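**Q** Here it is, the structure in full.
Every read-out reported here was derived from the displayed coordinates using simple, explicitly stated rules and does not represent laboratory data. Quick caveat: nothing in here was measured; it's all calculated off a predicted structure. Heads up, the Cβs are rebuilt from the backbone with ideal geometry, glycines too, and the neighbour counts pull from every protein chain shown.
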Amino acid sequence: MRKLLLSFIITSIAFTVNAQPPAGDARPGEWYGEKVNPEGATSITDVAAKLGESGEMNTRIKAKIVDVCPKKGCWLKLQVNDSTTAMVKMKDYGFFLPLAAKGKTVVIDGEVKTKVVSVAELQHYAEDAKKTKEEIAAITKPEKEIRVLAKGIVIVE
């Protein structure tokens, strides 16, 4: 019984430690996931215009990070224009970004597409972002968004 209890405690501690965003300052030149060459990256605004309503493309995009998941650094929001953001998830949940990446400009190598996001998923992201219960409850309609599945990310500014 003690071995079982000890195993449970160790597992709980491991999950708690793993549920933190990575430490770091997110300095220019630092990369996460696969190494990315920033040369020739296309502005996310230009990529969004090329996507249209239901497009999909593999490319390198350059954009500014406006939000990072405060729980693990497992998702990002990128500024597309004054009123639009794009959601970034990491391929195979294989890497995360530090909270210090917020406000930095990055180049991301990955797949960009448009997607309709369910109310449940939008509410989940709102919980991750530590929104109030009222803000979460106000999410009642699915939304179309630009979604990026990142293979690698490099901080450029």
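**Q** Give the span of the range 21-155's Cα atoms along each principal axis, as three whole-Å numbers ordered largest to smallest.
**A** Cα extents, longest axis first: 42, 36, 28 Å.
**Q** Report, ordered by chain and residue number, the lysines lying within cross-link reach of K72, taken as a straight Cα distance under 20 Å and ignoring same-chain residues fewer than 8 apart.
**A** List returned: K64, K89, K91, K102, K104, K130, K131, K151.
**Q** Name the residues whose placed amide hydrogens come within less than 5 Å of the amide hydrogen of V117, ignoring near sequence neighbours (fewer than 5 apart) on the same chain.
**A** E143, K144, E145
**Q** Residue farthest toward the positive end of the dipole of the range 118-157, with Cβ of Lys/Arg at +1 and Asp/Glu at -1: which of A126, G152, A137?
**A** Working it through, the farthest residue towards the positive pole turns out to be G152.
**Q** Between G55 and residues 5 or more places away or on another chain, which pairs have amide H atoms under 5 Å apart, with H built 1.01 Å from N, and which residues are they?
**A** The answer is T114.
**Q** Sticking with this structure for a sec: What fraction of the DSSP beta bridges in the range 21-155 is antiparallel, stated in percent and rounded to the nearest 5?
**A** Once the DSSP bridges in the range 21-155 are tallied, antiparallel ones form about 80 percent.
**Q** While we're here: From the backbone phi of the range 42-51, what are the Karplus-calculated ³J(HN,Hα) couplings (6.51 cos²θ - 1.76 cosθ + 1.60, θ = phi - 60°) in whole Hz, Gly and Pro given as x?
**A** With coefficients 6.51, -1.76 and 1.60, one gets 9, 4, 4, 4, 5, 5, 4, 5, 6, 5 Hz.
**Q** Mind checking which aspartates and glutamates have their Cα closer than 13 Å to the Cα of K77? Skip sequence neighbours fewer than 8 apart in that chain.
**A** Counting by Cα, and skipping residues close in sequence, K77 has these aspartates and glutamates nearby: D67, D128, E145.
**Q** Using each residue's phi in the range 141-146, evaluate 6.51 cos²θ - 1.76 cosθ + 1.60 at θ = phi - 60° and report the 3J(HN,Hα) Karplus result to the nearest Hz, with x for Gly and Pro.
**A** 10, x, 10, 8, 9, 8
**Q** I need the phi-derived Karplus couplings for the range 101-112: 6.51 cos²θ - 1.76 cosθ + 1.60, θ = phi - 60°, integer Hz, Gly and Pro marked x.
**A** Coupling constants for the range 101-112: 6, 4, x, 8, 9, 10, 10, 10, 9, x, 9, 10 Hz.
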